[in-house]
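Single-structure report; data block below.
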Amino acid sequence: QVQLVESGGGLVQPGGSLRLTCAASGTVSSPYIMDWYRQPPGKQREFVAQISSLGASTDYADSVKGRFTISRDNSKNTVYLQMNSLKPEDTAIYYCNTIPQISWGQGTQVTVSS
C-alpha cells in the first residue's frame, strides 16, 4: 500500500522560493501520474500541478503557471514542486496525490508573508 509524505514547507517572504517534496513509500509497482494540490485557509482544496508517469508532460493551474515547476525522480519515488516568486495568496497546505487518488497525506504548510 502506497503512502505519501509531503515536506519542505515553511515561512517565506513574498518573492521567495521553496521546494516541496512528495515521497511515496510502500509498494510502488509502477510510476503513477502525480498531482500537487493546495488548500488555502478557509477554502477548498484546489489543483496546482500534474506530471505524467514518466515526467514527459506537465500541467499547471493558471494561478501558478510560470512560477511553479513540477518534476519527479522515479528512482526515488519522489515528486517535487519548485515554487518561485511566491505570493501571499500561495499560502496553503500543500498535498500530493496519485492518479487514481489514494489516501491523503498530512500535507506541508506553506506561508508567504512579510
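Being within 21 Å of residue 2 (Cβ to Cβ), in contact with a Gly (Cβ under 6 Å, 6 or more places away or on another chain), open to solvent by 10 Å² or more (accessible area, probe 1.4 Å) and not in a loop (DSSP other than H, G, I, E, B) is true of residue 95.
Quick check: is even one residue across region 68-79 of a type in the set (A, V, I, L, M) and modelled with pLDDT of 95 or more? Yes, region 68-79 contains a residue that is of a type in the set (A, V, I, L, M) and modelled with pLDDT of 95 or more. Checked across region 74-90, the condition of being acidic (Asp, Glu) and in contact with a Cys (Cβ under 7 Å, 6 or more places away or on another chain) holds for no residue. Applying the condition of being of a type in the set (A, V, I, L, M, F, W, C) and open to solvent by 70 Å² or more (accessible area, probe 1.4 Å) to region 48-63 and asking which residue is farthest from residue 22 (Cα to Cα) yields 56. Looking at this structure, is residue 85 within 16 Å of residue 111 (Cβ to Cβ) and either surrounded by 13 or more Cβ atoms within 10 Å (Cβ to Cβ) or within 13 Å of the chain's Cα centre (by Cα) (or both)? Judged against the criteria, residue 85 is a match. I need the full set of residues from region 7-43 which are surrounded by 14 or more Cβ atoms within 10 Å (Cβ to Cβ) and of a type in the set (A, V, I, L, M, F, W, C), in order please. Hits for region 7-43 are 12, 18, 20, 22, 23, 24, 33, 34, 36.
The values are calculated or read from the model by the stated rules, or taken from the named source; none is laboratory data. Predicted, not measured: the structure shown is a model, and the values here were computed from it. Counting neighbours? That spans all protein chains shown, and the Cβs are built from the backbone with ideal geometry, glycine included. Note: areas computed on protein heavy atoms with side chains; ligands, DNA, RNA excluded. Shrake-Rupley method; radii C 1.70, N 1.55, O 1.52, S 1.80 Å.
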